[in-house]
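Comments concern the structure below.
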Amino acid sequence: MRDELGAFCEFHDVRIEGRAGGPLSGLTFGLKDVFDVAGERVGAGNPDFLRDQRPAAKTAPVVQALLDAGATLVGKTIADELCFSLEGENAHYGTPANPNAPGRIPGGSSSGSASAVAGKLVDFALGTDTGGSVRLPASFCGIYGLRPTHGRISTEGMVPLAPSLDTVGWFARDAAVMERVGAVLLGADARAFVPRRLLIASDAAALADPEVVAALRPTVDRLAALLGGSHTVTACADGIDAWLGCLRVFQGVEIAAAHGAWVAAAKPRLEPRIAERFAWAVSVDPVLAPPARAARRRYAAALDDLLRDDAVLCLPTTPGIAPLCNTLPAELNPFRLRALKMLGIAGIAGTPQISLPVARVNGCPVGLSLVGPRGSDRALLALAGRLS
């Protein structure tokens, strides 16, 4: 396979044929280089991390499930360093191209997976989503991307970032493939969810550029017609800034626990922005975790009450189109902060969220997100299919 996008890891040579006759037979997939494949070392976007790993004893269960279902693994894809980024620019391995917005970042940290799908190198690709690492690249690259209910898909055999936020998600170019993969990885939904109400998240929409909101409006109107109308709501109890503060505590404390000791001991080569983020994570006082857990339970309960068993929350996936490659941090950081606030809603509540490629602004993709109650993942995928 020729990779002119820089989406795949050149230091891996992995191809595993799927089982013949399975429900995913005929489909190819890429795998973010944070998942174990038996006999291979995992790199997680950093050459020093790769150096320190031993070959995996077994393949991660989520990957094995896809192979057993007939999908063929064609390679491992580039990730941001230790998944601690939303940009998709890797100082060691390069920036995977964004086929639908040339010259702009693909988004991260599942950058290579999004690029490979958008560029038609594979039919679908696995990524991970902690703070938005599937949803944001899906929006930037003009493809579908799902963050599932937290805990719905096993993270065994995956390099962690912040375990109480980590999820396994995937990308595809069409809703039908998203549903086929979901049937294998998700099993049956744990709850009866029939969407009958559309809730528009005004607090999230207020963070998006006005032209993004305008571009998404026709699809929002279609969805409202499908569900019998819409209501504007405030998604975040106590305010969206409070939700972000809660998210940041979990990120800091858990990232420090997952990787702080290795970073301190190995002194890996880290891109300056990533190094700054690890320094910040180590600085977060663990004493903040118990009150953050209490706030998280309260926020999740409030969103549960809002959605119940029949509502879909609707919001722009990202504040705007993908920034240009090599945008300076002074310009990029405010955009990243707005994005984290929007993406943190599902992250804190543990709910499924799918980004749909429904619009363009200045020739670049922008995604519309649908959030359902916990456990409604397959019903959410089916609703996305009705809109396609």
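The values are calculated or read from the model by the stated rules, or taken from the named source; none is laboratory data. For clarity, every value in this text was computed on a predicted model and none was experimentally measured. Every residue, glycine among them, receives a Cβ derived from its backbone with ideal geometry; neighbour counts consider all protein chains shown.
Being without any contact (Cβ under 8 Å) to a residue 24 or more places away in the chain and either buried (at least 23 other Cβ atoms within 10 Å of the Cβ) or within 21 Å of ALA118 (Cβ to Cβ) (or both) holds for only one residue in ARG51, ARG41, ARG2, and it is ARG2.
So ASP238 ticks every box in (1) in contact (Cβ under 8 Å) with a residue 24 or more places away in the chain; (2) in a helix (DSSP H, G or I); (3) of a type in the set (Asp, Glu) but one. Which box is left unticked? Only one criterion is unmet by ASP238, namely (2). Of the residues making up the stretch 63-90, those that are among the β-branched types (Val, Ile, Thr) and either closer than 20 Å to ARG338 by Cα or under 16 Å from the mean Cα position of the chain (by Cα) (or both) are THR77, ILE78.
Residues considered: PHE29, PHE124. Of these, the only one that is under 15 Å from the mean Cα position of the chain (by Cα) and modelled with pLDDT of 95 or more is PHE124. Residue count for the stretch 263-285 satisfying the condition of being exposed (fewer than 15 other Cβ atoms within 10 Å of the Cβ), assigned to a helix (DSSP H, G or I) and out of contact with any Gly (no Cβ under 9 Å at 6 or more places or on another chain): 6. With respect to the conditions (1) more than 24 Å from ALA322 (Cβ to Cβ); (2) assigned to a loop (DSSP other than H, G, I, E, B), ALA208 lacks only one, and its number is (1). Among the residues here, ARG338 does not qualify as at pLDDT 95 or above, more than 17 Å from the chain's Cα centre (by Cα) and among the charged types (D, E, K, R). Please specify each residue of the stretch 367-380 satisfying the condition of being over 15 Å from the mean Cα position of the chain (by Cα) and either not assigned by TED's automatic domain parsing to the domain that holds ASP309 or not hydroxyl-bearing (Ser, Thr, Tyr) (or both). Those that are over 15 Å from the mean Cα position of the chain (by Cα) and either not assigned by TED's automatic domain parsing to the domain that holds ASP309 or not hydroxyl-bearing (Ser, Thr, Tyr) (or both): GLY372, PRO373, ARG374, GLY375, ARG378, ALA379, LEU380. For CYS246, the stated conditions do not hold, so it cannot be described as within 21 Å of LYS341 (Cα to Cα), in the same structural domain as LEU383 (by TED's automatic domain parsing), within 23 Å of the chain's Cα centre (by Cα) and not charged (D, E, K, R). The residues in the stretch 286-304 that are touching a residue at least 24 places away in the same chain (Cβ under 8 Å) and either β-branched (Val, Ile, Thr) or not in a helix (DSSP H, G or I) (or both) can be counted, and the count is 0. Restricted to the stretch 163-173, and to residues there that are in contact with a Gly (Cβ under 9 Å, 6 or more places away or on another chain) and closer than 27 Å to CYS325 by Cα, the residue that is surrounded by the most Cβ atoms within 10 Å (Cβ to Cβ) is PHE171. The residues of the stretch 24-58 that are within 29 Å of GLU87 (Cβ to Cβ), of a type outside the set (Gly, Ala, Ser), touching an Asp or Glu at 6+ places or on another chain (Cβ under 7 Å) and assigned to a loop (DSSP other than H, G, I, E, B), listed by number, are LEU27, VAL42, ASN46.
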